[in-house]
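Note sheet for the following structure.
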Amino acid sequence: MKRVARWILDHRMVVMLLYAVAVAVSIYADSLVKVNYELTDYLPDEAPSTVGLRLMEQEFESKPSNLRLLLKDVSIPEALEYKRQIAQVEGVKDVTWLDDSVDVTIPVEMMDQDTLNAWYKDGDALITAYVDSQYAKNALSEIRTIIGEDNAMAGDAVQSNETQIRSTQEIQKILLIAVPLIFVILIFSTTSFLEPLLFLITIGVAIIIGRGTNLIFGEISFITNACSAILQLAVSMDYAIFLVERFGEFRNQGMEIKDAMTEAMGKAFSSIMSSSLTTIIGFLVLSLMKFKVGYDMGLVLAKGVLLSLVCVLTLLPVLTVSLCKLMDKTQHRPLLPTFKHFGRINARICVPVALVVIGLVIVPSYLANERNDFTYGTTRMIVDPSLRVVQDQALIEDLYGKSNQMVLMVPSGQPAKEQKMVDELNAMDNISSISAYQSIADNTIPVDFVGRENLSALMSDEYTRMVITADTEPEGEEAFALVEELRALGERYYPGENYLTGGSSNIYDMRDTVIEDDKVVNSLSMIAIGLVLMLNFKSLAVPLILLLVIESSIWINLAVPYFSGTPLYYLASLIINTVQLGATVDYGILFTERYMEKRRLKPRMESAAEAISETFPAILTSASILCLGACMLGSSSSVDIVSQIGFLVGRGAAISAAMVVLVLPAILMILDFPIRLTTIGAKFYKKGAKDHENEEANTGHELHTGADAAGERPGRGGKE
């Protein structure tokens, strides 16, 4: 590593030029990355609703509506004119209104009243349409111009478009607010005003390159797009701090600038690698999910952390050496205390505190996890009641009810059997309307007589489809019970040849997929990170302790929604299980390594007190950055699932840090004997016969560690 480090430092201009080119190319490449706002696209290929959707797209040109328009106080001719104008908008297809079901030239009193009230009620008209996602932004803007501000528009197309607009704006807003606040936190944890700027530039370059290299995936999900930058910034800042702190230590020993950085890159390499490895593994495990949002998010975040690691080991040394004199001129005194008293007090009280936390917090939190009110889909991603899109949705539903649309497809050619199915569908609760051949033509009339071109939306050469509209929420017990009832009906008449897709059917499959993923992802992340910890500590007991502490932190984090009565996105809980474990287990590694080092020389209580005082500043800094960055994501995003992931990650960082400082020391002290027994080379301090040897070792250790053993951060001065 030292030879590589020396080459990098000797070719600083080449390195900076390469990064400048990489940033320029990445900024352009980022503009080419497609962002997908349809989570149903990430269902497994073998999911029943995915199979049905694929088949429907092959068999039928027209698609079920994803847009509902409310026109207030209009006559029938005026509504027909609105319909005509809307149908001419690019990207809009299958515009449907009352005239598609009845003859609107006859008096309304003579029309079927149920049909009339479904489309036209008290002078208000409801028009539905399908909007192609490729044209959605411009199409919806043009439709709004046509119908005016007094009328309302809602549906999946509106929700998806609003999510796209807001998430794009909010990413910039979050970074603009979070970066200065993180800069302030870094000021407290460093001794130069320039250092935080170098850290932010380094990780910022890694983020830009990361976003540009997302082009290799073709497209990424909107969740990944919204979360990746701020999470990459928050979880990888430690690597920069580790390197520059090592650099300061070697400069204090009188080394030249280049020599000090060369040594720092060599010495910090293993600690930075081990720290990043657990985080990368945590993200990579997400990529094993069948629900492909995990695959998408896992690869993007793992790649981002890897790029941060590369930038810290190449770009940061170049910037630091080049600007070292300016760093010296912008030094300030350490702003954080040494935490010696905090360490001693905490070591004395941590055992009773740990017992209280285990009994009164961890156990109830574990039980609460199983009782959360989970949400599986993201049909309504924008929920802020102050926003127009939410108000329009509520207005339309108040007048015309909910519209949860599904499509049931069966092989064509058996009209009698289809009629029986339609009759049973009409008899079901929660179904407000059915669009099928039998609903527009007599079953005894041959299809060819009616004309297949007139029935193309409902019949193809091979399949008949029934468009079912339910008055339920997209998900919940009622909606899922209806999905099961519809699938059972299809299976009864057409075993193995029926396909239900759309609406609640997609969310039903999403639920089954993420629940199955949960079992696999949690187990694999625990095993993978456990193996890394086992190799790092050469111990059986220590990895189990660290995993238990962080897993308990996750239980506490996920119990908060239960006790606050807030629905929890299952996908968010699944993501946080791996992200919090991978990103915050570093706190436990840092503390445990220092404790084990002290324990070879001193008794348990004293080792814990010193380890707490020496590692608490680093843990506090790291957790504060992750907590602040993630909570900024949570508070600034109006996209519900993104906001929830942000708050979960931020709260998880704070809880993990508290557990490592308050509970982990107690567990290590209580389980001292099993740790000694199951750890290779664990030569712990013992009173008695070997006191003299321990005293000599302790003296040598104090001479070696110097000021840093007392928890003090070295300055940046030194011989140049």
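The values are calculated or read from the model by the stated rules, or taken from the named source; none is laboratory data. Because the structure is a prediction, the values reported are computed rather than measured. Cβ atoms come from the backbone with ideal geometry, glycine included; neighbour counts cover every protein chain shown. Areas reflect the complete protein model, heavy atoms only, side chains present, ligands, DNA and RNA absent. Shrake-Rupley method; radii C 1.70, N 1.55, O 1.52, S 1.80 Å.
Relative to the dominant Cα principal axis of the chain, helix 415-427 is inclined by about 70°. Helix 691-705 and the longest principal axis of the Cα set of the chain meet at an angle near 70°. Projecting the alpha carbon convex hull of the stretch 466-535 along each direction and taking the average yields 6.5 nm².
Based on the reciprocal of the average 1/r between different C-alpha atoms, the Kirkwood radius for the stretch 88-161 equals 13.7 Å. When only alpha carbons are used to place a centre, the stretch 77-106 and the stretch 1-72 end up 36 Å from one another. Along the Cα-to-Cβ line of Ala87, 7 Å from the Cα, sits a label point; which residues in the stretch 454-494 have backbone N less than 18 Å from it? 454-458, by backbone N distance to the label point. Under 5 Å from the amide H of Phe374 lie the amide H atoms of Leu568, each residue being 5 or more positions distant or on a separate chain, with H modelled from the backbone and absent for Pro and chain starts. Given their separation in residues at 0.36 nm each and the Cα-Cα distance between them, Glu473 and Asp114 gain 127.1 nm when the chain is fully extended. For Lys683, the aspartates and glutamates whose Cα falls under 19 Å of its own Cα, not counting residues fewer than eight places away in the same chain, are Glu593, Glu597, Glu606, Glu610, Asp672, Asp691, Glu693, Glu695, Glu696, Glu702.
Taking every protein chain into account, the accessible area of the stretch 316-381 amounts to 56 square angstrom per residue (probe 1.4 Å). Taking a point 7 Å out from the Cα of Asp41 in the direction of its Cβ, the residues of the stretch 348-390 whose backbone N falls within less than 20 Å of it are 377-382. Karplus-based coupling profile of the stretch 186-194, in residue order and whole Hz: 5, 4, 6, 9, 10, 10, 9, 5, 7, with θ = phi - 60° in 6.51 cos²θ - 1.76 cosθ + 1.60 and x standing for Gly or Pro.
Assuming R0 = 60 Å, what is the FRET efficiency of Arg348 and Leu18, from their Cβ-Cβ distance, to the nearest 0.05? Write out the running numbers ahead of the final one.
Values: r = 53 Å, r/R0 = 0.89.
So the FRET efficiency works out to roughly 0.65.
Phi angles of the stretch 153-158 translate, via the Karplus equation with coefficients 6.51, -1.76, 1.60 and θ = phi - 60°, into HN-Hα couplings of 9, 8, x, 4, 5, 5 Hz per residue; Gly and Pro are given as x. Along its principal axes, the stretch 73-196 has C-alpha extents of 84, 27, 20 angstrom, given from the largest down. Fully extending the segment from Lys137 to Leu335, taken as 0.36 nm per residue of separation minus the present Cα-Cα distance, adds 66.3 nm. For the stretch 573-656, the square roots a ≥ b ≥ c of the C-alpha gyration tensor eigenvalues yield an a/c of 1.5 or more together with a/b exceeding b/c, which makes the shape prolate.
Run the accessible area of the stretch 234-297 with a 1.4 Å probe and give the carbon-and-sulfur part as a rounded percent. Carbon and sulfur: 59 percent of the exposed surface of the stretch 234-297. Relative to the longest principal axis of the Cα atoms of the chain, helix 388-400 runs at roughly 40 degrees. Test of understanding: extend the Cα→C-beta vector of Ile187 to 7 Å, then name every residue of the stretch 312-348 with backbone N under 20 Å from that spot. Residues 326-338 fall inside that zone. Panel values: the stretch 301-388, Kirkwood radius from alpha carbon pairs, Stokes-Einstein at 25 °C and 0.890 mPa s, translational diffusion coefficient 122 µm²/s. In the complete set of protein chains, residue-level accessible area for Asp122 is approximately 150 Å², probe 1.4 angstrom. Think of a 1.4 Å ball rolled over the protein heavy atoms: the stretch 504-663 then has 28 Å² of accessible area per residue. What the stretch 76-116 shows is 60 Å² of accessible area per residue, with the surface traced by a 1.4 Å probe over protein heavy atoms. For the stretch 614-692 and the stretch 156-209, what is the centre-to-centre distance using only Cα atoms, to the nearest Å? For the stretch 614-692 versus the stretch 156-209, the Cα centre distance is 24 Å. Here is the P(r) of the chain: all C-alpha pair distances, binned every 10 Å from 0, give 3, 13, 21, 21, 15, 11, 8, 5, 2, 1, 0 in whole percents. What the Cβ-Cβ distance of Ile106 and Arg54 gives, at R0 = 35 Å and to the nearest 0.05, is a FRET efficiency of 0.25.
A Förster distance of 35 Å, applied to the separation of the beta-carbon atoms of Gln253 and Arg676, puts the FRET efficiency at 0.55.
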